[in-house]
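Undergrad: Have a look at this one.
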Amino acid sequence: MKLIIAIIKPFKLEEVKEALSEIGIEGMTVTEVKGFGRQKGHTEIYRGSEYTVDFLPKVKVEIVVPDDVVGKTVDTIVKAGKTGKIGDGKVFVVGLEEAVRIRTDERGEAAI
Amino acid sequence: MRKIQDRGIHWHTPCFLTDPALPQGLVADNVYNPLLDTHKIIMKLRSQQLTSWLKMAGIFALLAALSPLFGQDEPPPYESYDAFAESGGFALFTVNNLWLLISAALVFIMHLGFSCVETGLTQSKNTVNILFKNLFIVCIGIVGYAFWGFNSMYPGDFNGFFASGSWFGVDNDDVTMMTDAYAAYTWWTDFIFQAMFAATAATIVSGAVAERIKLGTFMIYATLLVTFIYPITGSWQWGGGWLAEKGFYDFAGSSLVHAFGGFAALAAVLVLGPRNGKYLAGGKVKPILGHSMPLAAIGVFLLWLGWYGFNGGSVLSADPRGVSYVFVTTTLAAATGAIASMIVSWALLKKPDLSMGLNGVLAGLVGITAGADSVSMSGSLWIGVIAGTLVVFSIIFFDKIKIDDPVGAISVHGVCGIWGTVAVGIFSDAAPIGVQILGTLSVSALAFVASLVLAIALKVTMGLRVSADEENEGLDLGEHGAEAYPDFTPAHKG
């Protein structure tokens, strides 16, 4: 099992969710975050003074998938989340030790 | 008195739907008020307002000579304002004038209300932009009215269709303008009350075009619309033009303000196009949620409060019976408007919808505005119920035909403005229904066509819409380089 963490642009969330649903991935956890990579922030002006906002709003999507679909899942996320413009985000794949479904006590891949 | 149409209370022989308790056949000329004798004389003089003192004096002399024919004594014009202040009529004049000024302030509050409604029903990334537009409109509306609009809308003698405007203002010492020789209030009061109305007509469009219109273009559009076009339709009725001559009746502006704004908004939205991503393939409509229901609700309550001045002040005096009657009809229509839209939207959409209920209040208020002084109690109930029902269907309809109106301005003001005007022909005897239909359609048509021309001209020259990237990122950043809520990241930003 792998934990896939994707940082994407907020307005891309619907698209990514639907693309994942099409390849059979139904569960995910979503958090609103702020961040930056190489994308520069933007300048704002308040009552005559300029200031820079570096942290930009992003959305973090976390999914747990069996090993055999990791590649396909990552590709789907990349394709759905891409705009071609700077700030599109990143996908990380993290090894996972255990997963448990709280309602039924199932463990391992049965819990995903 | 600027207004040709006597907007005092009209009691007419009621039609079948009206309240049987209504006094019948009573013409409420406020017969206890000696002011109106002078008023009648001045009504005749109105059309010569701009001519020289000599001509005025000559006419006074002539009327004084003819006074036996009128069968009453005309009070002499006052020597000075101070002389008027000593006279018996001053106390009543003061009360009337005070009510009109309070009403002007109440109408001003509607801008606060509208700012809240628009802000609440749109996304937080566009809030600064919306507030900026609202702030600009009230200011330019009033200034434009001073420079051109007031005199264009109330020109006195004119061809009935169009009169050019000019810088406003009269001499403070002019007794014919500052005393009851003019009206129940001073010329300045007349101006400021009417100026507030003009500004509200302009602000209706800002809600419909929100979240995608370019700021600079909108500022020019709104300035031209309210300064030059609004006085034209206004002059047709309140300025004594061709609609007034046909017997058209619009007490406080269901057509002249609301339908005008609603149909101007429709034309602008047609040229502008919907927000990106609102209408998806396959006829699906993606809801773009407003970011603050509390603000939207606060806004509607403020608008309701302001409407007491909008309708109450349109009585054009503080006449107790008149103003109190209007307060009641206005309130009933607002209340039944909300109840109707709540019930209808609950039945149609399976859940009680707050924003529909809020729109229902406004629909009822817009609906009663044409006939608040002439329809009966049951009439105002019906007007509210039908307006509240209409607005729900209208909002859903406009989304079906892909006309994107974030706040429902076209439905509330355009559709219900027409309904309110026509309702005068159904629920009162103030005017026949045919004339009401003619009047409301011609006002709406001119507003639509003028707005269409303006929008197309601006689209071709300056561009009407922001870029897709800017629309995505939010107009606050794109147009203003600012954020409305810098301390937190609301859900749908960017």
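Undergrad: Looking at (1) surrounded by fewer than 23 Cβ atoms within 10 Å (Cβ to Cβ); (2) at pLDDT 95 or above, which one does B:V170 not meet, given that it meets all the others?
TA: Only one criterion is unmet by B:V170, namely (2).
Undergrad: Looking only at helices (runs of 4 or more DSSP H) that lie completely in segment B:242-334, which have at least 3 residues being touching a Leu at 6+ places or on another chain (Cβ under 9 Å)? Break it down stepwise before answering.
TA: Numbers: elements: B:242-245, B:260-272, B:293-312.
Answer list for segment B:242-334: B:260-272, B:293-312.
Undergrad: I would also like to ask the following. Being of a type outside the set (D, E) and touching a His at 6+ places or on another chain (Cβ under 7 Å) is true for just one of A:V53, A:V70, A:V93, A:V65. Which residue is that?
TA: Numbers: A:V70 fails: touching a His at 6+ places or on another chain (Cβ under 7 Å); A:V93 fails: touching a His at 6+ places or on another chain (Cβ under 7 Å); A:V65 fails: touching a His at 6+ places or on another chain (Cβ under 7 Å).
Criteria check complete, one pass: A:V53.
Undergrad: Suppose we filter B:A195, B:A163 for residues that are surrounded by fewer than 22 Cβ atoms within 10 Å (Cβ to Cβ) and under 24 Å from B:A370 (Cβ atoms); which single one remains? Before you say what the answer is, go through the steps one by one.
TA: Details: B:A195 fails: surrounded by fewer than 22 Cβ atoms within 10 Å (Cβ to Cβ).
Unique residue meeting the criteria: B:A163.
Undergrad: Report those helices (runs of 4 or more DSSP H) wholly inside segment B:111-211 carrying at least 1 residues which are in contact with an Asp or Glu (Cβ under 9 Å, 6 or more places away or on another chain) and under 22 Å from B:A297 (Cα atoms).
TA: Working: elements: B:127-144, B:150-153, B:175-178, B:187-208.
It comes to B:127-144, B:187-208.
Undergrad: May I pose another question? Which one of these does B:V453 not meet: (1) crowded, with 22+ Cβ neighbours inside 10 Å; (2) in a helix (DSSP H, G or I)?
TA: (1)
Undergrad: Would you call A:E109 under 20 Å from A:L20 (Cβ atoms), of a type in the set (D, E) and modelled with pLDDT under 95? Spell out the reasoning first.
TA: Numbers: under 20 Å from A:L20 (Cβ atoms): yes; of a type in the set (D, E): yes; modelled with pLDDT under 95: yes.
Criteria met by A:E109.
Undergrad: All but one of (1) over 22 Å from B:E470 (Cβ atoms); (2) within 14 Å of chain B (Cβ to nearest Cβ); (3) more than 16 Å from the chain's Cα centre (by Cα) hold for A:V30, so report the exception by its number.
TA: Going through the list (1) over 22 Å from B:E470 (Cβ atoms); (2) within 14 Å of chain B (Cβ to nearest Cβ); (3) more than 16 Å from the chain's Cα centre (by Cα), A:V30 breaks only (3).
Undergrad: Being out of contact with any helix residue (DSSP H, G or I) (no Cβ under 7 Å at 6 or more places or on another chain) and either in contact (Cβ under 8 Å) with a residue 60 or more places away in the chain or closer than 21 Å to A:A99 by Cα (or both) is the filter here; which residues of segment A:31-64 pass it?
TA: Within segment A:31-64, A:T31, A:K60, A:E62, A:V64 meet the criteria.
Undergrad: Right, another one. I'd like the residue in segment A:43-73 that is loosely packed, with under 14 Cβ neighbours inside 10 Å and within 10 Å of another protein chain (Cβ to nearest Cβ) and, out of all such residues, is farthest from A:M1 (Cα to Cα).
TA: Here the answer is A:R47.
Undergrad: Which is part of a helix (DSSP H, G or I), of a type in the set (A, V, I, L, M, F, W, C), surrounded by fewer than 24 Cβ atoms within 10 Å (Cβ to Cβ) and at pLDDT 95 or above, of B:V344, B:V361? Walk me through how you get there before you give the answer.
TA: Numbers: B:V361 fails: surrounded by fewer than 24 Cβ atoms within 10 Å (Cβ to Cβ).
Checking each option against the conditions leaves just B:V344.
Every residue, every condition in (1) more than 24 Å from B:A296 (Cβ to Cβ); (2) out of contact with any Pro (no Cβ under 6 Å at 6 or more places or on another chain); (3) part of a loop (DSSP other than H, G, I, E, B); (4) at pLDDT below 95, yes or no:
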position: B:I396; (1), (2), (3), (4): no, yes, no, yes
position: B:S411; (1), (2), (3), (4): no, yes, no, no
position: B:G414; (1), (2), (3), (4): no, yes, no, no
position: B:T421; (1), (2), (3), (4): yes, yes, no, no
position: B:V424; (1), (2), (3), (4): yes, yes, no, no
position: B:D429; (1), (2), (3), (4): yes, yes, yes, yes
position: B:Q436; (1), (2), (3), (4): yes, yes, no, no
position: B:G439; (1), (2), (3), (4): yes, yes, no, no
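Undergrad: Further, regarding this structure: Go through (1) over 15 Å from A:F55 (Cα atoms); (2) more than 14 Å from chain B (Cβ to nearest Cβ) one by one and return the number of the condition A:K12 breaks.
TA: Going through the list (1) over 15 Å from A:F55 (Cα atoms); (2) more than 14 Å from chain B (Cβ to nearest Cβ), A:K12 breaks only (2).
The values are calculated or read from the model by the stated rules, or taken from the named source; none is laboratory data. Fair warning: this is a prediction, and the values are worked out from it, not measured in the lab. Counting neighbours? That spans all protein chains shown, and the Cβs are built from the backbone with ideal geometry, glycine included.
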